[in-house]
Every structure is written in C-alpha cells, then in structure tokens.
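Have a look at the structure below, then the notes.
The values are calculated or read from the model by the stated rules, or taken from the named source; none is laboratory data. As the structure is a prediction and not an experimental result, all values here were calculated from the model. Every residue, glycine as well, gets a Cβ built from its backbone with ideal geometry; the counts of neighbours run over all protein chains shown. Quick note on the areas: whole protein, heavy atoms, side chains included, nothing else; ligands and nucleic acids left out. Shrake-Rupley method; radii C 1.70, N 1.55, O 1.52, S 1.80 Å.
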Amino acid sequence: MYNAKYRFVWKAIKYNRKQGGEIVSTPSFIIGLEDRETKEVFPHPISHFLYKKYHRNSGSVNTELTVAQIIVPFLNFVLDKVNQEALNYTAIKGLVDLQECHANAYLQYCVDEKSNKNSTLEMKENFLSKFYKYLWDEKVLKHKPRFKLVSVRTGKEIRKVYKIDFTYKKTDETLLREKIKRKDLVPQNHESNENRIFIRLQYIREILYVAKHEVPDIAFGVALQIFGGLRKGEVVNLTRTALKSQNGQDYGVEGLVILVRDRQLDLFNRFEDVSTMQVKNPRDQSCLIDPILNYLYKNHMEVVLKKVKGPKQPNALFYNTEGNSMSADTYDKRFLKLKNAYLGMLLGTEGRYQDYLDFSQTKWRSHIGRGVFTNMCLDAGFNEKQTAVLRGDRSTQSMESYFDIITATYNIRKALGLLSPDQSSNIANLNMPINNKMWKEVQEFGSGLRN
C-alpha cells in the first residue's frame, strides 16, 4: 500500500469558484498523505469521495470533516497493519485490495481499544459503507462487498441505502464507564429541588465571577452562551455592532438582542479550516436578563476591549493575545482554563467537596451554556416549541415559528421576575458563599440597575 514513512491525514483547504458574477473562496476538506518527517502533505485521489458524496451535495463543511475524521483513522489502521505485515493484510497494495473484513477488523478495534458506544459505531458503519460503495461504483475494488439494502428515516422521508453486513461484535455498553455529559450547572442533589431556578442562578453567577477574574477575555462570551443559548461558533462570530440593547438602555439592562450572523469572511480569512467557526442558524437572538450579564457586558466593552493592543479587526468582539479575532479553538482553550480554575476553587473551599465531585466527574465544555439556557427557559415556563425558537433551532413551520417568537419574547419579559438579582431567601440548605465579598460587586451593580 504505502510504507511507514507516510500516514493519512485530513486537511482544510480553500479554493476559488465562480458564483454568479463573482469569484468566492470556498472552504473544503481533502484527504492526503503526510510525510512523517517533513510534514509535507500530498493530496490523495480519494479526496474525490468527500467532494462527490458530501461537498457537492450537503454544502456543509462540517459534514465533510465528520466523514474525513472517520475515514482517515480507518485508512491509517489498515496502513499500520500492512506495515506490521499482519495476517490478512500482506496482499494489500492499495485501495483496490480493501475488503469488508478490513472494515470489520477496524470496527472491532474501535470496540476493544477505543470503547466506542454503539451509537458511534453505527455512524462509523454508515460512513464506511458509503466509502466502500463509492469504491465499488468507481470500479476501484477487486472484491465486491456484501451490501444489504436498508431503510433509513430522515425526518418524514424514508429512503433506501446500501450498507455492509458487518459481523464484528458490538460493544456491551453495560461495561462502559463513561462520564455523564453535563447539561446544566445545577448539581445532582438539587435537580429535583423546586427552587432549582434560583439555585442554578447562584451557580451561574459563581462560575461567571470566576470567569471574570481568570479568563476576562471570554467571560462575557460565556455569559452570552448561558443567557442567550449561543454556540461557541456563534460567540466568536460576533462583532461589537451585533449587540442591540433595548429600550434605549446601555449594556442590555432592559433587554439584549444579538444579531447572530456568519462573519467568517470578515473575521477569519486567515484560516483555511473554519468548520468550528460556522453559524448554523443566523438569527436575532433574545437574551434572558440577569445583572451579571449586564455587568460583564459593561466590563467587556470598557475594560477588556480597551486592553487589546493593535486589533487586526477593529469591529470584532473577542480577541486573542495577538490582536486577531478569537478562533473557536482558542475559545475552547480559554474555557478549559476557566473549568480548571472553577474546579480548583470548589476543591479549595471548605464545604464544597461534594460540588467538586459533581463537576469533576462529569463531562462539560462551553456548550454547557446552551444546556443551561434551555433548562432556564423550560423552568421559567416556556413550552418545548418556544424553547426551540429561543435556542435558535430551525422550525419547519415558518408561521408557527413567527408567532412563537412573539410569545416567547413576551414570556422572557414575564420571566424576569423569576431571574431577579437576589433570591437567596428562596434557597434552603445551599452551601454557597452567598454573602461572601465575591458577590458584593455584582449585587451592587444589580442594585444600581433597579434604581
């Protein structure tokens, strides 16, 4: 096949294409062979699979990336077996010699060594089946895989697809010991508490206060994820003019609407790979209101941004240390620093060890903010459809969506009574430093807003 000097990689590229009367730069992905020593990448013809089956049809660079991230490890698995001269691999000279037994062996490896869940294995099966079907249709393979025709439902549509009849032994998921993915900041022992909306608010304020001191460059972004349900890609795509305070008040004191748009060409033209910085659903996003959101908004505009030296994009809202608009990868790294600082604070605070265990033994990254927002909306009385609209999820019924936005926005105003600045009297047996000096700054700011 190839020698041990090379390995398969996926690589983000941009190419120019004509659209209407203009030439536009289009992001895409290729599969290549990387020289392990020089790191030089040579495009591989199998990139045509990504282009033909996904780039041309889906229009989503994220879909291409997902497929590449499954096919490339499979090819490297086979390549390693060839280089080790393993049984059933010695006759492989190229893609032409691939058989379904090699896909089965890879999936078994994903079970035994990677402990993939069955949902992950199912996704890999689907993409590997499409890969093999492509190779057969293109007359690349010597041996025809055993395909079966199965029905797949996508929404209301049912279609027939070819799938390899895999024979590997799937994961026994009862044996997996995987951390639970966290979708809220409310600890387990308070999930059923009738006052959890107030409990959640205290944890929100706590982690945002830590953010302000540990990672001030993204503290306001984290607040927007929590109170506006934004994805990280939507946060880093924001500009200063994307924030619209309501009723003539500064810093969103009486309402904040965010113009969520895809601004990659303005903010991220230095990158070839922009898959993590896409905006899935451009929209005008209403935020829930809490004094700490307004406080961090003001701090970001009057303190954080004024410390940025030589900003490359003057209208950007978030920057890295070099003055460039902050990428999603940098945002992730900054959030990881916040997470570690928060865990350290919990571990080092008397009476918070149970909280430390709760937050350290679960999986969570910046996307938790979107989960917190969802739970706040549901706990504040919004129905599932209204919450979906508030989250920026796409609706199949445009008129229903329109009326839901009106209703949900009205309900946001009503919900402000629930999210009032100080609800500590409603919380029983909550072991948090409510009256600690760390709260005074925000509480004083909140009191000023009410006067």
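A few remarks follow.
- From phi via Karplus (6.51, -1.76, 1.60), per-residue ³J(HN,Hα) for the range 64-71 in Hz, x at Gly/Pro: 4, 4, 4, 5, 4, 6, 9, 6
- Listed by chain and number, the aspartates and glutamates whose alpha-carbon sits under 13 Å from that of LYS244, ignoring those within fewer than 8 places in the same chain, are GLU254, ASP284.
- Anisotropy class of the range 81-225 from Cα gyration tensor, a/c 1.5 cut: prolate
- Local electrostatic count at ALA91 - Lys and Arg +1, Asp and Glu -1, tallied over other residues with Cβ under 13 Å: +1
- For LYS280, a cut-off of 16 angstrom between C-alpha atoms picks up these aspartates and glutamates, skipping any fewer than 8 places away in its own chain: GLU64, GLU234, ASP262, ASP393.
- Bridgeable lysines around LYS339 (alpha carbons under 20 Å apart, same-chain partners fewer than 8 residues away excluded): LYS179, LYS181, LYS183, LYS212, LYS232, LYS363.
- 26 Å tail of the calculated P(r), the range 188-418, as % of Cα pairs: 37 percent
- Size of charge dipole - the range 189-237 - debye, nearest 20, with Cβ of Lys, Arg +1 and Asp, Glu -1, no other charges: 80 debye
- In angstrom, the C-alpha Rg and Dmax of the range 6-164 are 16.9, 56.
- With a Förster radius of 30 Å applied to the C-beta separation of THR66 and LYS312, the computed FRET efficiency comes to 0.50.
- Taking label positions 7 Å along the Cα-Cβ direction at both GLN188 and LYS14, the computed distance is 4.7 nm, reported to one decimal.
- Whole-Hz Karplus values for the range 277-282 come out as 10, 8, 9, 5, 9, x Hz, taken residue by residue from phi with 6.51 cos²θ - 1.76 cosθ + 1.60 and θ = phi - 60°; glycine and proline positions read x.
- Using a probe radius of 1.4 angstrom, the carbon and sulfur fraction of the accessible surface of the range 6-164 is 49%.
- All Cα-Cα separations within the range 172-309 were binned at 10 Å from zero, giving a P(r) of 11, 34, 34, 16, 5, 1, each value a whole percent of the pairs.
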